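**Q** First, the structure itself, so that you have it in front of you.
The values are calculated or read from the model by the stated rules, or taken from the named source; none is laboratory data. Note that the structure is a prediction, hence the values are computed from the model and not measured. Cβ sites come from the backbone with ideal geometry, for glycine too, and all protein chains shown count toward neighbours. When the accessible area is computed, the model is the full protein with side chains, heavy atoms only, and any ligands, DNA or RNA have been set aside. Shrake-Rupley method; radii C 1.70, N 1.55, O 1.52, S 1.80 Å.
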Amino acid sequence: MPRFTFDRPTDFEDAAREMAGSGRPTLARLLAEEAADRTPDPDAAARILAEFPGRSLRQED
């Protein structure tokens, strides 16, 4: 598995695709949510979340 450097929203999105492809949909969704949060364009953020459907499992403080 490749190593990921998480500096940009696309890094999180790429990692989400990798996790989805390896059968880890929950982790993929969490990474997609992080990518969407870091994406300044609301349309792009919505597209990212739509690619990884599911409900959020984030635990907020």
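**Q** Report yes if Ala20 is in a helix (DSSP H, G or I), in contact (Cβ under 8 Å) with a residue 12 or more places away in the chain and surrounded by 19 or more Cβ atoms within 10 Å (Cβ to Cβ), otherwise no.
**A** no
A quick yes/no check of all residues on (1) touching a Ser or Thr at 6+ places or on another chain (Cβ under 8 Å); (2) open to solvent by 40 Å² or more (accessible area, probe 1.4 Å); (3) modelled with pLDDT under 95:
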position: Asp11; (1), (2), (3): yes, no, yes
position: Asp41; (1), (2), (3): no, yes, no
position: Ala46; (1), (2), (3): no, yes, no
position: Gly54; (1), (2), (3): yes, yes, yes
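**Q** While we're here: Every residue in region 40-52 that is touching a residue at least 12 places away in the same chain (Cβ under 8 Å) and either hydroxyl-bearing (Ser, Thr, Tyr) or in a loop (DSSP other than H, G, I, E, B) (or both), please.
**A** If the condition is that a residue be touching a residue at least 12 places away in the same chain (Cβ under 8 Å) and either hydroxyl-bearing (Ser, Thr, Tyr) or in a loop (DSSP other than H, G, I, E, B) (or both), then Phe52 is the only one that fits.
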